[in-house]
1. Would you mind stating whether residue 224 is crowded, with 20+ Cβ neighbours inside 10 Å and more than 26 Å from residue 301 (Cβ to Cβ)?
2. Could you count how many residues in the range 322-345 are free of Cβ contacts under 8 Å to residues at least 60 places away in the same chain and closer than 15 Å to residue 377 by Cα?
3. Among the residues of the range 278-291 satisfying the criterion of being out of contact with any helix residue (DSSP H, G or I) (no Cβ under 7 Å at 6 or more places or on another chain) and not in a strand (DSSP E or B), which is surrounded by the most Cβ atoms within 10 Å (Cβ to Cβ)?
4. Can you pull out the residues in the range 163-191 that are modelled with pLDDT of 80 or more and touching a Gly at 6+ places or on another chain (Cβ under 8 Å)?
5. Looking at 372, 363, which one is part of a helix (DSSP H, G or I) and within 28 Å of the chain's Cα centre (by Cα)?
6. Among the residues in the range 340-353, are any within 24 Å of residue 177 (Cβ to Cβ), among the β-branched types (Val, Ile, Thr) and outside any strand (DSSP E or B)?
7. When the range 255-264 is examined, which residues are found to be free of Cβ contacts under 8 Å to residues at least 40 places away in the same chain and assigned to a loop (DSSP other than H, G, I, E, B)?
8. When you scan the range 422-434, do you find a residue that is surrounded by 19 or more Cβ atoms within 10 Å (Cβ to Cβ) and free of Cβ contacts under 8 Å to residues at least 40 places away in the same chain, even just one?
Amino acid sequence: MQFSGYIFDVEGTLVDSVRQNLLSLQESLADFGIAVPYDLLQLYSGLDGDQTLQLIAPDLDADERKRVLEAQGKLYERKYLQSVKPFNGVRDVLERLTKHGSRIALATDCKGAELKHYLSLLDIDDLVDSLACGDDAEHGKPDPRLVGLAVRKLGVPATQAVMIGDTPYDAAEVAALDTMIEEINREDLAFVIHVGDITGGRGPCTDEWLAARKRQFERFRHPFVIVPGDNEWVDCHRTGFDPMERLKKFRELFESGDTSLGGLRLERQSGRYEEYREHVRWIAGDVLFVGVNVQGSNNNLGRTPAMDAEHRSRMAAVFAWLEDSLRLAQRRNLAGMLIFTQGDPDFEGKMRRKRSDGFTGFRNALRGLALRFGKPVLFVNGDTHLYKLDQPLADPATGEPIRNFTRVVVFGSPQTRWIRAGIAPASPELFQLSPVPQAGPGK
């Protein structure tokens, strides 16, 4: 299909600048006393700088983020800008498009000296019909307003324009998820567990996006269990949504019945805490599986008094559910427990905070549960996107790791991968884990 208009991102799409941008941000953060691994920064490539800082350094206020980004801009221009090179073949591609009558626009967060340098490298001024840059919009991509401005400047219907660039948490990963579902559907599995984050840190948080993800998950031939992630409710305030209304919508779509998508019978928290229907459990293979709503973004603590109250109410329900589940596992003499949630509880204490730690009580609850249960406990979380398998909890009596407690961090954006888990009753560890490589389209 030939479109009337093509909108190109610049950094990372037409010029090879991603590494330089990330290194300059890493160095600038270090100058402010914040050490961030390069691999973690790489996960958020494609977001604008302020959005990235909100995700990786949530305790920085707006003024502090502004100072970090100003320092990064100066460092990037001084140390890294001249090393940026254009990707091969850019002009040839644009010439081919314009030859067929299409109009070209650029939509980029960059501005000033950076943009001027990139345009001089690309030598495409005669092929570009319009430009929307960082000087034209308050928010950069993936916020849609900059792209919307480019469409208007281009002068073609939005239905006849296509955006080409990096797309974390949206179209590209939606397609990758379809491929992964096809792969998983070929496997002989009992069920699939998803620990949440089915959109990006700045959305989309819309009903349409969530409903589309539900339709996608309904394509699994296996029972599918999901708990909410912070991106689909806690963080939706960043784009003007009410977090509690978004959580209500998530429950309506994914937690409304007594079975999962695909028909797995679930027990949901009830009685005093019945509103927390996302707190689920079931028994399979002599193991109790327990899902809880514990979130990234400091577990929704420290942003507003209303959200602090939400945190306290929700965590009271979490602690009650864990305690009741422990008693069930002991009463049934089960071989193990698997507990899953979205938020990374920061076992290592690496997160820089000015406010109260939203995970202290949860870490203590997990520690107490593991010591009292005495049998294998596998804890599964998302949020930090990088696969990890460790034993992060220490026994306060000895200082040694609690050997029956193992944590696995699942893959996240930009990777679309899954972990095959099995139960081996004859093994002292009980749980067997095998990360599955990401398949290409059609594989």
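1. Details: crowded, with 20+ Cβ neighbours inside 10 Å: yes; more than 26 Å from residue 301 (Cβ to Cβ): yes.
Yes.
2. 12
3. Quick first cut of the range 278-291, residues out of contact with any helix residue (DSSP H, G or I) (no Cβ under 7 Å at 6 or more places or on another chain) only: 280, 282-287, 289, 291.
Subset that is not in a strand (DSSP E or B): 285-286.
Working: 285: 16, 286: 14.
This residue is 285.
4. So the first thing to find is which residues in the range 163-191 are modelled with pLDDT of 80 or more, and the list is 179-191.
Of everything in the range 163-191, those that are modelled with pLDDT of 80 or more and touching a Gly at 6+ places or on another chain (Cβ under 8 Å) turn out to be 179, 190, 191.
5. Working: 372 fails: within 28 Å of the chain's Cα centre (by Cα).
Sole residue among the options that is part of a helix (DSSP H, G or I) and within 28 Å of the chain's Cα centre (by Cα): 363.
6. Going residue by residue through the range 340-353, those that are within 24 Å of residue 177 (Cβ to Cβ) are 340-344.
From what's left, among the β-branched types (Val, Ile, Thr): 341.
Still in the list and also outside any strand (DSSP E or B): none.
The answer is no, given that none of the residues of the range 340-353 is within 24 Å of residue 177 (Cβ to Cβ), among the β-branched types (Val, Ile, Thr) and outside any strand (DSSP E or B).
7. If we filter the range 255-264 for residues that are free of Cβ contacts under 8 Å to residues at least 40 places away in the same chain, which is where we start, we get 255-259.
255, 256, 257, 258 - these are the residues of the range 255-264 that are free of Cβ contacts under 8 Å to residues at least 40 places away in the same chain and assigned to a loop (DSSP other than H, G, I, E, B).
8. no
The values are calculated or read from the model by the stated rules, or taken from the named source; none is laboratory data. Small disclaimer: the values here were computed from a predicted structure and weren't measured. All Cβ positions, even for glycine, are placed from backbone atoms using ideal geometry, and neighbour counts span all protein chains on display.
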